[in-house]
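Report on the structure given below.
The values are calculated or read from the model by the stated rules, or taken from the named source; none is laboratory data. Keep in mind that what you see is a predicted model, and the values were worked out from it rather than measured. We place every Cβ from the backbone using ideal geometry, glycine too, and count neighbours over all the protein chains shown. Protein only, heavy atoms only, side chains kept; ligands, DNA and RNA dropped before computing areas. Shrake-Rupley method; radii C 1.70, N 1.55, O 1.52, S 1.80 Å.
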Amino acid sequence: MSLSQFIPFLPEIFLAVAGFTLLLAGISLGKRGARTLSLLAVGSLAVSAVLIWAVGRPAGGPHTILGGMLFVDTFAVYFKLLTMTASGIVLLMSAGYLERSEYSPGEFDALILFATLGMMIMASGANLVSLYVGLELMALSQYVLVGYFKLELKSNEGAVKYFVLGALSSGILVYGISLIYGALGTLDLGEIRAALTVTHTANWTLNLGIILVGFGMLFKVAAVPFHVWTPDAYEGAPTPVTAFISVGPKAAAFAMFLRLFLGAFHPELAQWRIVMWVAAAATVIYGNIAALTQDNVKRMLAYSSIAHAGYALIGIVAGTVMGLWSVMVYMLIYTFMNLGAFGFVIMLETRGYAGELVSDYAGLAKRHPGVAAGMLIFMLSLAGIPPTAGFMGKLYVFSSAVEAGYVWLAVIAVIMSAVSLYYYFRIVVEMYLKDGEADEPAALVQDRWLDAMIGVCVFVTLAIGVYPAPVVGIAQSGMHALGLG
Amino acid sequence: MKFYNLIWLIPLFPLAGAAINGLISNRMGLKKSFTHTVALIGSGLAWLWGWTAIIQWMADLGTHHTVIVTLYQWISGGTLKIFGGKLAQATVSASFQLDSASAVMVGFVTFVGFLIHIYSIGYMHDEEDRPYARYFSYLNLFMFSMLILVLGANLPVMFVGWEGVGLCSYLLIGFYFEKNWCASAGMKAFITNRIGDFGFILGIFLTFMVFGSTEFVKIFPVAAAHPQQYASWATIIGLLLFVGAMGKSAQIPLYVWLPDAMAGPTPVSALIHAATMVTAGVYMVVRCNVLFRIGPVAMLVVAIVGGVTAFYAATIGMAQNDIKKVLAYSTVSQLGYMFLGAGVGAFVAAIFHVVTHAFFKALLFLGSGSVIHACSGNQDMRKMGGLRKVMPTTYWTFMAATLAISGIFPFAGFFSKDEILGKAFAAGKSNLNGFGWVYYILWFLGIAAAFITAFYMFRLVYMTFHGEFRGTEEEKHHLHESPWTMRFPLQVLGVLSIIGGLIGIPKLMSGHAKWNLIERFLDPVILPIGVGAGHAEAAVEVTRHAVSPGLEWLLLALSLSIAIAGILVARSFYYGERAFEKPRRFTERHPLLYKVVLNKYYVDEIYQATVINGVVKLARILWEFDARVIDGIVNGVRHVTVGTSFVSAIFDLKIIDGLVNLVATIYDRASHYFRRLQVGFAEGYAMVMVLGAAALLAIYIIF
Amino acid sequence: MAFLSAHFVAIVFYVLAVLAVAGGVGVITFKNPVHSALSLLGTFLAVAGLFVLRHAEFLAAVQLLVYAGGIMVLFLFVIMLVNVKRVSPESAFLSRRAPLAVIGGVVLGALIAFGVLAGSLGRRGGGAAALQTVQGHVVGNTEAIGWMLYRHFLVPFEIVSVVLLVAMIGAIIFGRKDAGLEGRGGRMEP
Amino acid sequence: MIGAMHYVILSLILFVLGVIGLMVRRNFITVLMSLELIFNAANLNLIAFSDRLGNLSGQIMAIFIITVAAAEAAIGLGLIIALERLKRTVNLDDANEMRG
């Protein structure tokens, strides 16, 4: 191991140092420094992103560094940049929120950076040990973030539930890892893949290990039946945190999911596919139907994010090259549209947890046509109506299922996405077709940063819907790293 | 400059208008004159550009040449394995297509759209600045979406427009959102459409998997060249696409949203829910005529749904008292005619009827808007009457449209409707695809619907324009003719309703096939089917010669006399000194006939004994007796008992509503049970996870 | 004596195994959390013994230091701090759901056991010697682990330090009393 | 001879005990202890396999699992204290404001 191997690792090192610095800066700046701190945090994310572009890209093909712990490939770069963008947007969205809340911003921003660091490791880990550690870094940061508003009953409760279930899932995950290790004698992804390609036996110990690891991953992406934490954690968490955990960690979890199941475990596809099929179908059905009767917007979006995890899982079930890149594209699209939707939830949260009920949106189109139009775009996109990005994402994922011969899965998903329109449009109905006769209509948060971030999300959502080719191109360049096609 | 190479600009003009009005005028509350100028320029440029492009295209290239303008590659997806193990490039480009089918649609959509923009200026002048801007921005956005739908060169682009018009329709239905029922009507429209859309999406997927492309110019020639190879797939694709069309074009059983959609402003009803959007389904079926022709079952289903809808909706129309509701059911019925036409292989006639219907139905709606405007917003015909003297322009233009829809020679509707009925009869006579007797029944339903149409339309005219005014004195005082912005579109459309049919004079009358302009024009769209088509295609060919000229004249005379009979019955019932007397006396003198045909109680009893009790029992057995279902049914009973509808009562709107509610209830229940999994405390969640994990493991081990 | 020496490993294994399982059962059945904690300590010690039995001396030491020494003290500390007796006088179990939970857990375990017993493990390797060898030189287990940890697993090692930092932040945030935020009833006001 | 399978069965028993404990105990602190049982079970597996395979990476993984478990325990105990302050309870099923 030579020192030069550390060069591609520089972005991560920088981010860790930045997080630590932010912690110290937070103490000295105190509660008024929310905006400065989040600018600092976003700045360090930007520097880290530049570093990734400068030194983290795979020159001369994908390879591993630092004792085979990390991959340097375009797949990793794709997901690293994606999760960092998501974190950056959340940081800027949350600045005003923290300012209003009086909870200290320093730790908050540092935790988001540390979680991002964990996600970067998840995106590039080449060994089950490094993947596990990255996953736990992300998870622990999330537990703390969800419970960050510790004097809110809901926040604390959400954190407690998330923590207990998260720890259980990580227990299942490590048990699975131990079985894989027992069967193959290695924790290195490359060696695992090589071993599976050569022997290709239906070894029960091995396959059980794979499936238990799969359970751990299903938990992280919030798929049925490991979704149970989602609604409560989403509802309880401070809204910027909800926005955060609904996108970044989910994208990172899918990165790891793809890395493991379409990378290392791909030769055993025939073995684990049935489990993922059932989980995907159940997730799509459950998420959409349970969302129908939700009155709390955050909770509704939680179920919606369960459903979206189900759509993305379909690409993994397909197990093809197209399945792989369609999930990559889907995660990008989902990140922006979901962040945008949560941005509006933040915007309406002027009084305590007001702006969380569907009825709080009544008459919004009349009072704030621009806001309503933006929300409409995100709802359309989440429901998968063209020409928004959400349609593209679904189209790709469903096509991958049809191509792989899983037509019924695609049919289920299409029917359920038709159902999903109902709950997304409950908000639209409130905004456009109701009068909002409340004595005191909920005012909007005036925060230019928030507006700007929502604007970015609107732009990306529309741009990808109208012209998705560049994103698909990038994703396709990333997919070769996994050696599928 | 070749305008036809820049057809993608046509939809962009209204989009720009929508953007300016929606983002600037609405936000800043700019003056109305600015708003409608922008909107008029947006739609007007689309009209001018569209027509210029079409004329130039015809002159330069001829109608047999298809112009395809590709903007860029929209969806790119690498190489995919499709059915049959072949590989195909999964690419969809953002491309637009100008051929005779889209030319016809662009031609009348932009034109009627522009007229309705003018009309809206007068109709909406009471609105405040901001809603006014919002209204026009939605209207322009609708034009944009509709043009994308029409011009799209492949199914996905068409689908963009398809969803877009649905959204705009939804927004415009709910425009008066102060009224709560408008909101629910908008929701209903969107959801019902969405049910159809899932068929459309699956159809797109399947098309790609079968043909390896979704571009019209690529799939249709292939399908037409190998009819036997693709016959079964074409049937499935056709049926899936038709599910989409049923939603968008309000066919049984997805028609429920259209009558409710009348909650929107009247110009919107005219433009979207009569002239343009609802005909999108017909356009799509005609566009994909190759698939339907090589898949006879799909075609038969189209014909059956169309024919039954035509008759069924017409019967409901007889009993409505709300002027816009009559027109709404009439639209559903006329759309049924169009599908009947497509289903019997008369694709040209279907499009012909789309065009003439756009003229006279838009006119009818605009006329009714004018009436409603005069009656201070009242829509109940029982409170109207005698308006002929006050608003002559409205009356005479309305009369022209009424004659057109009733199918009186030589008004526009006569030609198109007669051609559809003639083709339906021919299909029966030539035993098309071996389903001859079905086509005979459908032809009979069509004839019956023609009678009813004439009846209810003249009932409407007599109740509205003749006799004495039956509203309050105050309202009577307020009666006035509409401003010129509203009258002008009426006059233009009135002229078109009279002469519009001349573009499709049948060979029978002129003696020359070349006088049937629309058939010649649309000929390139109807691709010839290759050899080996089997009896299906042969049968379509046979229908052309199945009916001798003499029989054709007879049919013509029959439909004309049927229409006149309908008018006469309406006249004797609702016109003159003893208006409204006759229905009552008729009833008293012929109690038996009354019982058979008109007695709502008699039908009600059958209906009560069979349908309702059955459904109630079913509901009891299958579902946890939910209050909503019963509500729907109880509403249905009440409606039937109190209402004046007769035959239609069997499938009354409210029952369909009840069934729709039933579906909703199932989802609601499921949602409720699913939510119960979310018990609220961590150990319970852990239990769900562990049990779920055990179940998944068991599935794995078993399989 | 001969029996003892021949089966020494087996005997030790079974003794420790019984101890570990007994401790585990104790954890989930004792009503008093302090008793549960002590049983858990028993399990930890037994597991540490089992580690030694499988030539993982360093891990055994870590197990003792971190678990028995660190985590256990933390548990007892918190139990004292929150005064469990006062706050949870009623039943320690979710009795209504307990049977279902036990069945679920046992079924899950049985399914995994079925799979593991039907499957096979990887090839037998060099045994204890391999765990004490670095580049051909026989060293102690601790040194071998140190070599691996710092030569190959440096990245996770560094990342795990951040994990501990996050845990520290979390513990501080949740644990400390915020003078400024107390008494606001836990509601967020602008 | 005591093979790796013996260890797997033992670890499975501990795993199941931990999972059951997690589901039946109301007390958050005991739940946390059950979680430690699960992690110990995985470690036991790893150590046994490591010895059988003559491969050190299992032991390394175990070290990381122990470390992470310690970190999780710290956060979990912090949450217990916060919960106790807010609701005067450490029972998990009392934290049930949100459901459905």
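Report yes if A:ILE289 is under 15 Å from A:LEU128 (Cβ atoms), in contact with a helix residue (DSSP H, G or I) (Cβ under 9 Å, 6 or more places away or on another chain) and within 11 Å of chain B (Cβ to nearest Cβ), otherwise no.
Answer is no for this residue.
Is segment D:79-90 home to any residue that is within 21 Å of the chain's Cα centre (by Cα), outside any helix (DSSP H, G or I) and at the interface with chain C (Cβ under 7 Å from one of its Cβ atoms)?
yes
Could you check B:HIS226 against (1) touching a residue at least 12 places away in the same chain (Cβ under 8 Å); (2) within 14 Å of another protein chain (Cβ to nearest Cβ) and say which number it fails?
(2)
Among the residues of segment C:22-39, which ones are within 7 Å of chain D (Cβ to nearest Cβ) and open to solvent by less than 40 Å² (accessible area, probe 1.4 Å)?
C:GLY24, C:VAL27, C:ILE28, C:PRO33, C:SER36, C:ALA37
In the list C:GLY136, C:GLY127, C:GLY104, which residue meets the criterion of being open to solvent by less than 60 Å² (accessible area, probe 1.4 Å) and at pLDDT 70 or above?
C:GLY104
Quick one: in segment A:399-424, which of the residues that are open to solvent by 10 Å² or more (accessible area, probe 1.4 Å) and closer than 24 Å to A:GLY340 by Cβ is nearest to the other protein chains (Cβ to nearest Cβ)?
If we take residues in segment A:399-424 being open to solvent by 10 Å² or more (accessible area, probe 1.4 Å) and closer than 24 Å to A:GLY340 by Cβ, then A:ALA418 is nearest to the other protein chains (Cβ to nearest Cβ).
Can you confirm whether segment D:50-71 contains a residue that is open to solvent by 10 Å² or more (accessible area, probe 1.4 Å), over 30 Å from A:ALA233 (Cα atoms), outside any helix (DSSP H, G or I) and more than 7 Å from chain C (Cβ to nearest Cβ)?
No, that holds for no residue.
Given the criterion more than 30 Å from B:LEU517 (Cα to Cα) and buried (at least 23 other Cβ atoms within 10 Å of the Cβ), identify the matching residue among B:THR35, B:THR91.
Being more than 30 Å from B:LEU517 (Cα to Cα) and buried (at least 23 other Cβ atoms within 10 Å of the Cβ) holds for just one of B:THR35, B:THR91, which is B:THR35.
Looking only at residues that are within 7 Å of chain C (Cβ to nearest Cβ), of a type outside the set (A, V, I, L, M) and under 17 Å from C:MET168 (Cα atoms) in segment A:99-133, which one is nearest to the chain's Cα centre (by Cα)?
Out of the qualifying residues, it is A:PHE114.
Could you tell me whether any residue of segment C:149-170 is within 11 Å of chain D (Cβ to nearest Cβ), in contact (Cβ under 8 Å) with a residue 60 or more places away in the chain and surrounded by 18 or more Cβ atoms within 10 Å (Cβ to Cβ)?
The answer is no, given that none of the residues of segment C:149-170 is within 11 Å of chain D (Cβ to nearest Cβ), in contact (Cβ under 8 Å) with a residue 60 or more places away in the chain and surrounded by 18 or more Cβ atoms within 10 Å (Cβ to Cβ).
Taking segment C:77-95, which residues are open to solvent by 50 Å² or more (accessible area, probe 1.4 Å) and at pLDDT 65 or above?
C:PHE77, C:MET80, C:LEU81, C:ASN83
Only one of B:THR402, B:THR331 is free of Cβ contacts under 8 Å to residues at least 60 places away in the same chain and either under 16 Å from the mean Cα position of the chain (by Cα) or closer than 21 Å to B:ILE503 by Cα (or both). Can you tell me which?
After ruling out the rest, the residue left standing is B:THR402.
Pairs, please: C-beta under 6 Å, at least 6 apart or cross-chain, first residue under 22 Å from B:ALA404 (Cβ atoms) and in segment B:561-585, second part of a helix (DSSP H, G or I) and modelled with pLDDT under 65?
B:PHE573/B:LYS582; B:PHE573/B:PRO583
Would you please name the residue that is farthest from the chain's Cα centre (by Cα), looking only at residues in segment A:223-245 that are more than 14 Å from chain B (Cβ to nearest Cβ) and assigned to a helix (DSSP H, G or I)?
Restricting to residues being more than 14 Å from chain B (Cβ to nearest Cβ) and assigned to a helix (DSSP H, G or I), the top hit is A:THR239.
I want to confirm something. Restricting to segment B:406-446 and keeping residues that are of a type in the set (Phe, Trp, Tyr) and closer than 15 Å to B:GLY306 by Cα, which single residue is most open to solvent (accessible area, probe 1.4 Å)?
The extreme case among them is B:PHE444.
Picking from A:GLY176, A:GLY248, which residue would you name as being surrounded by fewer than 24 Cβ atoms within 10 Å (Cβ to Cβ), assigned to a helix (DSSP H, G or I) and in contact (Cβ under 8 Å) with a residue 40 or more places away in the chain?
Exactly one of A:GLY176, A:GLY248 is surrounded by fewer than 24 Cβ atoms within 10 Å (Cβ to Cβ), assigned to a helix (DSSP H, G or I) and in contact (Cβ under 8 Å) with a residue 40 or more places away in the chain, namely A:GLY176.
List pairs: first in segment A:45-73 and within 14 Å of chain C (Cβ to nearest Cβ), second among the small types (Gly, Ala, Ser) and surrounded by fewer than 16 Cβ atoms within 10 Å (Cβ to Cβ), Cβ under 9 Å, 6+ apart or cross-chain?
A:VAL72/A:ALA59
Considering only residues that are surrounded by fewer than 24 Cβ atoms within 10 Å (Cβ to Cβ) and part of a helix (DSSP H, G or I), which ones fall in segment B:115-126?
Those that are surrounded by fewer than 24 Cβ atoms within 10 Å (Cβ to Cβ) and part of a helix (DSSP H, G or I): B:ILE118, B:ILE121, B:GLY122.
For segment D:10-44, give me the residue count where each residue is more than 7 Å from every other protein chain (Cβ to nearest Cβ) and of a type in the set (A, V, I, L, M).
Looking only at that region, the number is 1.
Which residue out of B:PHE198, B:PHE242 is open to solvent by 10 Å² or more (accessible area, probe 1.4 Å), part of a helix (DSSP H, G or I) and among the aromatic types (Phe, Trp, Tyr)?
On inspection, the qualifying residue turns out to be B:PHE198.
Can you run down the residue pairs with Cβ atoms below 9 Å, 6 or more apart or on separate chains, where the first is in segment A:141-155 and facing chain C (nearest Cβ under 9 Å) and among the basic types (Lys, Arg) and the partner is assigned to a helix (DSSP H, G or I) and surrounded by fewer than 24 Cβ atoms within 10 Å (Cβ to Cβ)?
A:LYS150/C:ILE173; A:LYS150/D:ALA82; A:LYS150/D:ARG85; A:LYS150/D:LEU86
Per-residue answers, yes or no, for (1) of a type in the set (Ser, Thr, Tyr); (2) surrounded by 24 or more Cβ atoms within 10 Å (Cβ to Cβ); (3) modelled with pLDDT of 80 or more:
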position: B:TRP233; (1), (2), (3): no, no, yes
position: B:VAL256; (1), (2), (3): no, no, no
position: B:PRO265; (1), (2), (3): no, no, yes
position: B:ALA270; (1), (2), (3): no, yes, yes
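Could you pull out the residue among C:GLY122, C:GLY115 that is modelled with pLDDT under 85, touching a helix residue (DSSP H, G or I) at 6+ places or on another chain (Cβ under 8 Å), more than 9 Å from chain D (Cβ to nearest Cβ) and open to solvent by less than 30 Å² (accessible area, probe 1.4 Å)?
C:GLY115
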